[in-house]
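To start, the structure under review is shown below, and the notes come after it.
The values are calculated or read from the model by the stated rules, or taken from the named source; none is laboratory data. For clarity, every value in this text was computed on a predicted model and none was experimentally measured. Quick reminder, even Gly has a Cβ in these numbers, built from the backbone with ideal geometry, and neighbours come from all protein chains shown.
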């Protein structure tokens, strides 16, 4: 049984997705939500195989949803179904391990086929976006490493990419400078880097 969970703040969109997954054998819709908060409250109580979510949600973006569900249920396949054509967001979703990024203005048949392909183990991203995706063995290794990081470590990596110093990161996240320094050291070790400078270069490559 394939267990689906849907997140979109438009009821008509959720109803349309429900109609599509009716064509998938042995499926089950275990829940749906219109906000990130509703969905996150559900994640601890419902087992999910495929999460289909909009990227733009009231109060949060889809990447927050991604982090939450992966922390609780790492096996879940995450598909973003969205109107958002933001290349940087596509790149982040891909590197963090999303299984698909489908545009809502695609035809219904394409969306349905894409969801079935993702269930079968494929990664689906729009052809027009392929050129912005970091592909190749080096990036696959980077993608794998990123998925091993904690949410806090990813946050710090993003702030490093923006050129923030330890003091600035500490202020933004409400933590001590020593804690930031500890996270930096852990990042260097986890990412198999050899210096603070190489960490800055890595952060810029991924999130810059």
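Name the residue that is nearest to residue 65 (Cα to Cα), counting only residues in the stretch 98-108 that are under 18 Å from the mean Cα position of the chain (by Cα) and assigned to a loop (DSSP other than H, G, I, E, B).
Out of the qualifying residues, it is 98.
Does the stretch 35-55 contain any residue that is in the same structural domain as residue 118 (by TED's automatic domain parsing), more than 22 Å from the chain's Cα centre (by Cα), farther than 18 Å from residue 81 by Cα and surrounded by fewer than 17 Cβ atoms within 10 Å (Cβ to Cβ)?
No, the stretch 35-55 contains no residue that is in the same structural domain as residue 118 (by TED's automatic domain parsing), more than 22 Å from the chain's Cα centre (by Cα), farther than 18 Å from residue 81 by Cα and surrounded by fewer than 17 Cβ atoms within 10 Å (Cβ to Cβ).
Evaluate the following for residue 4: is it under 18 Å from the mean Cα position of the chain (by Cα) and without any contact (Cβ under 8 Å) to a residue 40 or more places away in the chain?
So residue 4 does not fit the description; no.
Considering only the stretch 68-82, state which residues are without any contact (Cβ under 8 Å) to a residue 24 or more places away in the chain and surrounded by 18 or more Cβ atoms within 10 Å (Cβ to Cβ).
Once the filter is applied, which keeps residues that are without any contact (Cβ under 8 Å) to a residue 24 or more places away in the chain and surrounded by 18 or more Cβ atoms within 10 Å (Cβ to Cβ), the stretch 68-82 yields nothing.
Within the stretch 109-127, take every residue that is exposed (fewer than 11 other Cβ atoms within 10 Å of the Cβ) and in a helix (DSSP H, G or I) and give me the one that is modelled with the highest pLDDT.
Across the stretch 109-127, the extreme among qualifying residues is 109.
Can you pull out the helices (runs of 4 or more DSSP H) entirely within the stretch 1-78 that have at least 1 residues that are within 17 Å of residue 119 (Cβ to Cβ)?
Numbers: elements: 11-21, 36-43, 62-72.
Result: 11-21, 62-72.
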